[in-house]
Amino acid sequence: MILTTVSAAAFLVVFLADVFGLHTNPYIGVLFFLVLPAIFLVGLALIPVGAWIERRRRAAGKAPSSLSWPRIDLNDPRQRVTAVIVFCLTIANVVIVSLAAYRGVEYMDSVAFCGQVCHTVMQPEFVAHQQQPHAKVTCVECHVGPGATSFAKAKLAGTRRVLAVARQSYSRPIVAASDQLLSASDTCERCHWAEQFHGDKIRRIAEYANDEKNTESVTTVRVHVGGGDPRRGTATGVHWHMNLANAIEYIASDRERQTIPYVRTTGRDGVVREYMVAGVTPEQLATGERRRFDCLDCHNRPSHGVAATPDRAVNETMAQGGISRTLPFIHRESVKALKATHASADAAPTEIAQALRGFYEKQPGLASARAADIDQAVLAVQELYRRNVFPAMNVQFGSQPNNIGHVDFPGCFRCHDDNHTSKDGRKIGQDCETCHTIE
């Protein structure tokens, strides 16, 4: 009864503090919404256990304890008052347990719980999620499907992961098992309309040289995104793959789905074609993963992307104005600082600052005249390191394949390589103009 009373009082106080936003620490959340309710339930369970033990003591002929069961007579005003108090306390207990269960489940579904409680393990995913377009989408909206069955599976899988963290047996980096990922219809298509026709999109890609002036070169690409509405007839562009009248299946021979030796297409006319790489055997195909092509086969890092190279990360930051393009040699020095081997993740920001400031301090007049730009560049490069490099989890620039495009990873070329051939001699082509036009 003492455990129940104390934990209930503590929980109610903390619940009110949470309602009014007086705490935000994820570890406090674990204590308040998981540990305290557990203590409360243990206290409730001990009450009937104590009664059962007392009954056994008396049945064994032992003297009764100093606490004896009262004789219930509701005609007695004092007993009526006691009964009302017990009834009210029972209702309060039900409310407390309900609040604790609801708030506990809600807390376990929060981004803070997923990303910060297991700080080191999920830090790469948490940091990337905060910076990318789906930052306002909670983890469970993409990683837990609809319905009670999916919820139960997710929590059971989460229990296994907690044990792996406790035993330090988790993989580094964390790679989601393909059979645990939800389909695009359960995730992407909750918000994104698969039938929407997008037409062409213009991309401006800026790159900077390693010379003193950070000479800029710009490539303008018209991406033929197209669309997937079967009512529009034959679809064109990249989203031809998502035309609802088409069906594309493939077999991947590796866990990351970077090697695809077999593709099967079913057109809107019902014609089926199978494309295979020369030399692949039925036995090899039988051991691979067969999958229906969907959004996630190209957009495989929609919320947890890591920059492919330090060079690309610096280029993008400079193009956005995060690093001054007029600061001499800043592109070269920024990339050099990011590629350097640092003593530790904690030491990296200091070492990056020392490297960049040290370079410009060799030119005293420049260091004083451009102090503000140098400070801004230091902060920007430190931030690029923080977002992309996590030594404890073996995550760094380029460590996680991104299937959009084909410059840094195979991406489109996993299938569009002119090596996948059907029995009638057709090939999955590699014509650049199919997907984009360089202007």
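What residue, of Glu212, Glu195, is at pLDDT 80 or above and either among the charged types (D, E, K, R) or touching a His at 6+ places or on another chain (Cβ under 9 Å) (or both)? If you could, list the steps in order and put the result at the bottom.
Working: Glu195 fails: at pLDDT 80 or above.
The match here is Glu212.
Each residue in region 373-384 was checked for being under 28 Å from the mean Cα position of the chain (by Cα), over 30 Å from Val165 (Cβ atoms) and either outside the structural domain of Ala319 (by TED's automatic domain parsing) or in contact (Cβ under 8 Å) with a residue 40 or more places away in the chain (or both), and 2 pass. Among all residues of region 334-345, there is at least one that is farther than 25 Å from Ser171 by Cβ and of a type in the set (S, T, N, Q). Only residues that are touching a helix residue (DSSP H, G or I) at 6+ places or on another chain (Cβ under 8 Å) and loosely packed, with under 14 Cβ neighbours inside 10 Å: list them for region 142-154, please. Answer for region 142-154, where residues must be touching a helix residue (DSSP H, G or I) at 6+ places or on another chain (Cβ under 8 Å) and loosely packed, with under 14 Cβ neighbours inside 10 Å: just Pro146. Applying the condition of being in contact (Cβ under 8 Å) with a residue 40 or more places away in the chain and over 35 Å from the mean Cα position of the chain (by Cα) to region 325-372 and asking which residue is surrounded by the most Cβ atoms within 10 Å (Cβ to Cβ) yields Leu327. The residue of region 372-397 that is modelled with the highest pLDDT, among those that are assigned to a helix (DSSP H, G or I) and more than 19 Å from His331 (Cβ to Cβ), is Arg386.
Within region 297-353, the set of residues being within 19 Å of Val407 (Cα to Cα), assigned to a loop (DSSP other than H, G, I, E, B) and among the basic types (Lys, Arg) comprises just one member, Arg301.
Quick check: is even one residue across region 275-285 touching a helix residue (DSSP H, G or I) at 6+ places or on another chain (Cβ under 6 Å), at pLDDT below 95 and either surrounded by fewer than 14 Cβ atoms within 10 Å (Cβ to Cβ) or assigned to a helix (DSSP H, G or I) (or both)?
Step one: list which residues in region 275-285 are touching a helix residue (DSSP H, G or I) at 6+ places or on another chain (Cβ under 6 Å), which gives none.
No, region 275-285 contains no residue that is touching a helix residue (DSSP H, G or I) at 6+ places or on another chain (Cβ under 6 Å), at pLDDT below 95 and either surrounded by fewer than 14 Cβ atoms within 10 Å (Cβ to Cβ) or assigned to a helix (DSSP H, G or I) (or both).
Each row is one residue, and each column tells you yes or no for (1) modelled with pLDDT of 80 or more; (2) under 22 Å from Tyr107 (Cβ atoms); (3) not assigned by TED's automatic domain parsing to the domain that holds Ser110.
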site	(1), (2), (3)
Ala9	no, yes, no
Leu12	no, yes, no
Leu16	no, yes, no
Val19	no, yes, no
His23	no, yes, no
Ala38	no, yes, no
Leu67	no, no, no
Asp73	no, no, no
Ile85	yes, no, no
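Number of residues in region 411-439 that are part of a loop (DSSP other than H, G, I, E, B) and under 16 Å from Val263 (Cα atoms): the value is 13.
Can you find a residue that is under 30 Å from Ala307 (Cβ atoms), at pLDDT 80 or above, crowded, with 17+ Cβ neighbours inside 10 Å and out of contact with any Ser or Thr (no Cβ under 9 Å at 6 or more places or on another chain) anywhere in region 102-114? Among the residues of region 102-114, not one is under 30 Å from Ala307 (Cβ atoms), at pLDDT 80 or above, crowded, with 17+ Cβ neighbours inside 10 Å and out of contact with any Ser or Thr (no Cβ under 9 Å at 6 or more places or on another chain), which makes the answer no.
Residues of region 254-287 being among the acidic types (Asp, Glu) and touching a residue at least 12 places away in the same chain (Cβ under 8 Å), which ones?
Of region 254-287, the ones among the acidic types (Asp, Glu) are 254, 256, 269, 274, 283.
Those that are among the acidic types (Asp, Glu) and touching a residue at least 12 places away in the same chain (Cβ under 8 Å): Glu256, Glu274.
Mind listing whichever residues of region 385-439 are of a type in the set (Val, Ile, Thr) and in contact (Cβ under 8 Å) with a residue 60 or more places away in the chain? Write out each step before concluding.
Here is the first cut: in region 385-439, the ones of a type in the set (Val, Ile, Thr) are 389, 395, 404, 407, 421, 428, 434, 437-438.
Within region 385-439, Val395, Ile404, Val407, Thr421, Ile428, Thr434, Thr437, Ile438 qualify.
The values are calculated or read from the model by the stated rules, or taken from the named source; none is laboratory data. In this text the structure is predicted, and so the values were computed from the model without any measurement. All Cβ positions, even for glycine, are placed from backbone atoms using ideal geometry, and neighbour counts span all protein chains on display.
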